[in-house]
Amino acid sequence: ESDAGDYTCVCGDKQSTASLAVHALPVLFKEELRNEEVQEGASISLRCVLTKAAMVQWKIGSKVLKASDKYEMNQPGTTAELVIHDLEVEDA
């Protein structure tokens, strides 16, 4: 999208200008989350891969998760990762 704009070709005192519009592709899941089973007290890393870098939001049910000692969120490039520490039965 940052390449959109007016481009001009200049030759001496003549010029030709064209406007370029770039339509963004939708963000899709290249790799989706997988179901996991772990023991209470352990930590788990949930990971998904997107087709391009985009901001994600992590939720459990309708509750939006925020980074804390329990929830660690990383997003290097197109990979979104949620690490849940010290799992409890209520985290299922």
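For the structure I just gave you, tell me whether L33 is in a loop (DSSP other than H, G, I, E, B), of a type in the set (A, V, I, L, M, F, W, C) and open to solvent by 100 Å² or more (accessible area, probe 1.4 Å).
no
Step by step: first the residues of segment 8-28, then only those that are among the polar types (S, T, N, Q) and free of Cβ contacts under 8 Å to residues at least 12 places away in the same chain, then the one that is most open to solvent (accessible area, probe 1.4 Å). Which residue is that?
Taking the candidates together, the pick is Q15.
Which residue pairs have Cβ atoms under 6 Å apart, sit 6 or more places apart or on different chains, and have a first residue in segment 68-92 that is free of Cβ contacts under 8 Å to residues at least 24 places away in the same chain and farther than 20 Å from E31 by Cα and a second that is of a type outside the set (G, A, S) and not in a strand (DSSP E or B)?
Pairs that qualify, where the first residue is free of Cβ contacts under 8 Å to residues at least 24 places away in the same chain and farther than 20 Å from E31 by Cα and the partner is of a type outside the set (G, A, S) and not in a strand (DSSP E or B), are K70/H85; Y71/L65.
Anything in segment 39-59 that is touching a Leu at 6+ places or on another chain (Cβ under 6 Å) and β-branched (V, I, T)? List them, or say none.
T51, the sole residue that qualifies.
Would you be able to tell me the number of residues in segment 36-52 that are over 14 Å from Q75 (Cα atoms) and either loosely packed, with under 12 Cβ neighbours inside 10 Å or not β-branched (V, I, T) (or both)?
Total meeting the criteria: 7.
Identify, please: which residue in segment 53-74 is out of contact with any strand residue (DSSP E or B) (no Cβ under 7 Å at 6 or more places or on another chain) and among the polar types (S, T, N, Q) and is, among those, surrounded by the fewest Cβ atoms within 10 Å (Cβ to Cβ)?
Out of the qualifying residues, it is S62.
Go through segment 36-58 and count every residue that is among the charged types (D, E, K, R), closer than 30 Å to S2 by Cβ and either assigned to a loop (DSSP other than H, G, I, E, B) or free of Cβ contacts under 8 Å to residues at least 12 places away in the same chain (or both).
So the answer is 1.
For V22, state whether it is of a type in the set (V, I, T) and in a loop (DSSP other than H, G, I, E, B).
Answer is yes for this residue.
The values are calculated or read from the model by the stated rules, or taken from the named source; none is laboratory data. Computed from a prediction, not measured in an experiment: that's the story for all the values here. In this analysis, Cβ positions are derived from the backbone assuming ideal geometry, glycine residues included, and neighbour counts consider all displayed protein chains. We work out accessible area using only protein heavy atoms, side chains counted, and drop any ligands, DNA or RNA first. Shrake-Rupley method; radii C 1.70, N 1.55, O 1.52, S 1.80 Å.
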